[in-house]
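First comes the structure, then the notes that go with it.
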Amino acid sequence: MIPAVCSKSLIRTVDLCKRPLIASITGKCRGIHSSSKKNTIMPAWVIDKYGKNDVLRFKEHMLFPVIHYPNEVIIKVHAASVNPLDVNMRNGYGAASLNMSRDPLHLNMTGREFPIILGRDVSGTVMECGLTVQYFKPGDQVWAAVPPWKQGTFAEFVVASANEISMKPKSLSHTEAASLPYVALTAWAALVNSCGLKKETCPGKRVLIIGASGGVGTAAIQLLKAWGAHVTAVCSRGASSLVTDLGADDVIDYNAANLQEQLKSRELFNVILDNVGGTTEELASQYLKPWSGATFVTLITPFLYNNDRLGIADGMMRTGITLSSKVIKHLCKGIHYRWGFFTPSGPTLDEIGELVDAGKIRPVIEKVYPFSDLPQAFQKVEEGHARGKSVIEVLHRKK
């Protein structure tokens, strides 16, 4: 008998492998469940240009999403949440790279990406499934983090790949579940994919998290503690009780004294996770154990910025040179240097969901907003210093 998690991953792998073949034979829409004719429009928050908060526009008659590929599903959104990435995308950050993903052959004119629906996190109900989707069915309660090049979740309905979604943890409400996918997957990508940490190797590892009270930081603390690591959290004094409650073994208030001076009294670390950027990179050579496989991983990279500023070709070249030089510089000191990136993954959410239902990971929510108050949620996230996620509840119209 195949274990449940392995079975899920296997089915998703089969679905993914079938997608190009079936799409090429049937075309984009033929042979796939079509959306209900009764549902042709839906309410959504959109942007028609990049800018500040005033570009957010509530659109009552946004076109209902359509399944284009046989491994996609339509999800009725019950709750979503606002991440710093959403605020940055509203401002135009990453537009060059994301538009390349949306239109790799440059068939559309500049500005044709609009209207854009932002929002990465979703918790909701499966409404329709493509023909090759086997693990999910209409009525399933699911959660997911939708990639940033796709239309997002600040709408009544959203389309996602079956390989991006997972069954919602039974112990969480939709409002609670919507706070976790993006930050948990980002933390997982940094710690597991970039640093090579996993349940078997984590016990006894010393990890320093810089910016520990944010969404990714709080998820990382809980994941690491579930796997037995020793966690030192760097945050402000006001967030110290939060990170301690989440399991941090040691808390450093970066406002109390110079951070480097405070770190001198601590034992060297195996991993540093940086959620802040700036001068934090200087800590790698001083406070990581050299020549022991120690890794510095940062989520603050110039990849999208370079592409926005220089164009795709020159931006990628500049990024490659920057990354290579940093990797070599740190490797000469016996330290691995890595960049971490959000990676959508239903199978990973399966594993995170098991930890949630086991009580090892819990949502950290600062405030819940009604759908009509989404701009206020954006404003709150843009101000920074959050003590958890800002979640959006989507109330559906009566048909």
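The values are calculated or read from the model by the stated rules, or taken from the named source; none is laboratory data. Model, not experiment: these values are computed from the prediction. As a convention, Cβ positions derive from the backbone with ideal geometry for all residues, glycine included, and neighbour counts pool all protein chains shown. Just so you know, the surface numbers come from the protein's heavy atoms only, side chains and all, with ligands and any DNA or RNA stripped out. Shrake-Rupley method; radii C 1.70, N 1.55, O 1.52, S 1.80 Å.
Some notes on this structure:
- Residue match in region 206-214 (condition: within 23 Å of Leu268 (Cβ to Cβ) and open to solvent by 20 Å² or more (accessible area, probe 1.4 Å)): yes
- One residue stands out among those in region 286-330 that are in contact with a strand residue (DSSP E or B) (Cβ under 9 Å, 6 or more places away or on another chain) and small (Gly, Ala, Ser): the one that is modelled with the highest pLDDT, which is Ala294.
- Filtered residues of region 300-355 (kept if closer than 25 Å to Asp86 by Cα, touching a residue at least 40 places away in the same chain (Cβ under 8 Å) and either aromatic (Phe, Trp, Tyr) or exposed (fewer than 15 other Cβ atoms within 10 Å of the Cβ) (or both)): Phe303, Tyr305, Gly311, Ile312, Trp339, Phe341, Phe342
- Qualifying residue in region 85-102 (condition: surrounded by fewer than 24 Cβ atoms within 10 Å (Cβ to Cβ), modelled with pLDDT under 95, under 26 Å from Leu349 (Cα atoms) and out of contact with any Lys or Arg (no Cβ under 7 Å at 6 or more places or on another chain)): yes
- Conditions (1) without any contact (Cβ under 8 Å) to a residue 60 or more places away in the chain; (2) surrounded by fewer than 24 Cβ atoms within 10 Å (Cβ to Cβ); (3) of a type outside the set (S, T, N, Q); (4) closer than 13 Å to Val243 by Cβ: number failed by Ile221: (2)
- Complete set of residues in region 307-338 that are of a type in the set (Lys, Arg) and farther than 28 Å from Gly92 by Cβ: Lys329, Lys333
- For the residues Val122, Val126, the requirement of being of a type in the set (Val, Ile, Thr), touching a strand residue (DSSP E or B) at 6+ places or on another chain (Cβ under 8 Å) and under 16 Å from Pro344 (Cβ atoms) singles out Val122.
- Some residue of region 369-381 being part of a strand (DSSP E or B) and either touching a residue at least 24 places away in the same chain (Cβ under 8 Å) or in contact with a Lys or Arg (Cβ under 7 Å, 6 or more places away or on another chain) (or both): yes
- Between Leu259, Leu268, the distinction of being touching a helix residue (DSSP H, G or I) at 6+ places or on another chain (Cβ under 8 Å), at pLDDT below 95 and either open to solvent by 50 Å² or more (accessible area, probe 1.4 Å) or over 17 Å from Arg387 (Cα atoms) (or both) belongs to Leu259 only.
- Flag if Lys76 is more than 23 Å from Pro181 (Cα to Cα), open to solvent by 30 Å² or more (accessible area, probe 1.4 Å), in contact (Cβ under 8 Å) with a residue 40 or more places away in the chain and of a type outside the set (Gly, Ala, Ser): no
Per-residue answers, yes or no, for (1) closer than 23 Å to Gly94 by Cβ; (2) modelled with pLDDT of 95 or more; (3) of a type in the set (Phe, Trp, Tyr); (4) under 27 Å from the mean Cα position of the chain (by Cα):
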position	(1), (2), (3), (4)
Lys18	no, no, no, yes
Leu21	no, no, no, no
Lys52	yes, yes, no, yes
Asn71	no, yes, no, yes
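- Top-ranked residue of region 367-399 - restricted to ones that are within 18 Å of the chain's Cα centre (by Cα) and open to solvent by 20 Å² or more (accessible area, probe 1.4 Å), ranked as farthest from Leu242 (Cα to Cα): Glu382
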